[in-house]
Amino acid sequence: MFGTVALVGATGAVGRIMRQLLEERGFEAEKFRFLASARSAGSTLTFRGQEYTVELLTKDAFAGVDLVIGSTPDETAAEFFPAAVEAGARVIDESGYWRMKEGVALVIPEVNPQDALNAKGIIASPNCSTTQMVVALKPLHDAARVKRVIVSTYQATSGAGVQGQADLVEGSRAYLEGKDYEYKAFKHPIAFNCIPQIGGPKEQGYTSEEMKMVYETRKILGDESIQVNPTCIRVPVSNCHSETITVETERPVSVEEATKLFSEFPGIEVIDDLPNGLYPQPKDCDGSDSVFIGRIRKDISHPNGLSFWCVSDNLRKGAATNAVQIAELLAKHL
């Protein structure tokens, strides 16, 4: 059991879910502290029936802290988390800043737990789109080695924060009423629309969100040879990211074998009955910690190809749940 655990970004959207998960899952520590920016510092929150005052995040705030779990903007993680390590804490970081840094473990507990146990200092949690895809890839990679992945994401507005969800609701209302609405989280209307850009422009016409999926997948699976071709799209869904994934493996994997591999892998639930219209849908996966897979079928364009549909709650397994699972993993090996 850890001594003192500090949750940084405790009042944000993901931070609130982390608090809920720590409570629901019975995560044990001698003491909990909750840190946030000046905007939220001084406010109060309730955790396990006890009222806490949110403390101001400073570099000196980590004295005596054993574990830090952070959900903050990249610049906050860059500025403050090295101070937490210097103070002797282990850090689980939800931001994108540390993920690809040399010497920083990038961890999904079902996929590469040993990397977390061997880590020194900061442990990064992956991008939400990468997380659900790599959970799905892992059993295939272990059985038949993944060579190439073609993935298209259909990402919910919650991935752009509370304002993203508000834009969907308010923009939809304005559209139906024939009124104008000024979008705050998106450059284009998201109501009744799809936006084929998430993140800024990067190399060869790809976006930063797309390139995260390339680099993070290779790092987590420990295989730089895996080829990933991603397209990331924002869609008018409130919560839960969906992905179409086509995988090329070294040897053919049948639908029956893939279904068995998925079904037996921790954290995956298979819903796949096309004749009866049963497959994962965002509305049904909201609030779950699982990665859901359906529409499993052979790639009719390649003998070693397999295609499937993947849905997961991006605020939970894609963010808060994964971080809490890393904390649970570390606690088991104290």
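Worth pointing out:
- The residue that is nearest to V111 (Cα to Cα), among those in segment 253-275 that are in a helix (DSSP H, G or I) and among the aliphatic types (A, V, I, L, M), is L261.
- Selection count where residues are free of Cβ contacts under 8 Å to residues at least 24 places away in the same chain and more than 18 Å from S152 (Cα to Cα), scope segment 178-202: 10
- Selection of segment 270-292 for residues being touching a Pro at 6+ places or on another chain (Cβ under 8 Å) and farther than 17 Å from N239 by Cα yields only I271.
Matching residues to (1) hydroxyl-bearing (S, T, Y); (2) farther than 25 Å from A166 by Cα; (3) touching a helix residue (DSSP H, G or I) at 6+ places or on another chain (Cβ under 6 Å):
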position: A191; (1), (2), (3): no, no, yes
position: C194; (1), (2), (3): no, no, no
position: S208; (1), (2), (3): yes, no, no
position: M213; (1), (2), (3): no, yes, yes
position: E216; (1), (2), (3): no, yes, yes
position: T231; (1), (2), (3): yes, no, no
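- Hits in segment 300-313 (condition: small (G, A, S), more than 18 Å from the chain's Cα centre (by Cα) and open to solvent by less than 60 Å² (accessible area, probe 1.4 Å)): G305, S307
- Screening E209 with (1) assigned to a strand (DSSP E or B); (2) touching a Gly at 6+ places or on another chain (Cβ under 6 Å) gives one miss only, at (1).
- Qualifying residues in segment 112-125 (those that are open to solvent by 10 Å² or more (accessible area, probe 1.4 Å) and not in a helix (DSSP H, G or I)) - the one nearest to P73 (Cα to Cα): I122
- Every residue from segment 84-99 that is more than 19 Å from K31 (Cβ to Cβ) and surrounded by fewer than 16 Cβ atoms within 10 Å (Cβ to Cβ): V85, E86
- Residue list for segment 54-69, restricted to those being in a strand (DSSP E or B) and either open to solvent by 20 Å² or more (accessible area, probe 1.4 Å) or over 22 Å from V107 (Cβ atoms) (or both): E55, L56
- Screening R251, R316, R297 for residues that are at negative phi and open to solvent by less than 60 Å² (accessible area, probe 1.4 Å) leaves exactly one candidate, R316.
- Criterion (open to solvent by less than 30 Å² (accessible area, probe 1.4 Å) and either in contact with a Lys or Arg (Cβ under 8 Å, 6 or more places away or on another chain) or in a loop (DSSP other than H, G, I, E, B) (or both)) met by exactly one of T72, T11: T72
- Qualifying residue in segment 67-78 (condition: of a type in the set (D, E, K, R) and closer than 22 Å to R39 by Cα): yes
- Filtered residues of segment 126-155 (kept if over 19 Å from E250 (Cα atoms) and crowded, with 22+ Cβ neighbours inside 10 Å): P126, N127, C128, S129, T130, T131, Q132, T153, Q155
- Verdict on S208 being under 18 Å from T153 (Cα atoms) and free of Cβ contacts under 8 Å to residues at least 12 places away in the same chain: yes
- The lone criterion from (1) open to solvent by 40 Å² or more (accessible area, probe 1.4 Å); (2) within 20 Å of the chain's Cα centre (by Cα); (3) of a type outside the set (V, I, T) left unmet by H241 is number (1).
- Candidates in segment 272-294 are the residues that are in contact with a Cys (Cβ under 9 Å, 6 or more places away or on another chain) and more than 18 Å from G159 (Cβ to Cβ); of these, the one that is surrounded by the fewest Cβ atoms within 10 Å (Cβ to Cβ) is D284.
- Taking segment 218-238 as the range and being part of a loop (DSSP other than H, G, I, E, B), of a type outside the set (S, T, Y) and either in contact with a strand residue (DSSP E or B) (Cβ under 9 Å, 6 or more places away or on another chain) or buried (at least 20 other Cβ atoms within 10 Å of the Cβ) (or both) as the test, the residues that pass are D223, I226, V235, V237.
- Residues located in segment 31-53, provided they are over 26 Å from the mean Cα position of the chain (by Cα), surrounded by fewer than 17 Cβ atoms within 10 Å (Cβ to Cβ) and of a type in the set (S, T, Y): S43, T44, T53
- Going through (1) under 21 Å from Q281 (Cα atoms); (2) touching a Ser or Thr at 6+ places or on another chain (Cβ under 6 Å) one by one, A144 falls short only on (1).
The values are calculated or read from the model by the stated rules, or taken from the named source; none is laboratory data. Keep in mind that what you see is a predicted model, and the values were worked out from it rather than measured. Quick reminder, even Gly has a Cβ in these numbers, built from the backbone with ideal geometry, and neighbours come from all protein chains shown. Surface accessibility is based on the protein's heavy atoms, side chains included, excluding ligands, DNA and RNA. Shrake-Rupley method; radii C 1.70, N 1.55, O 1.52, S 1.80 Å.
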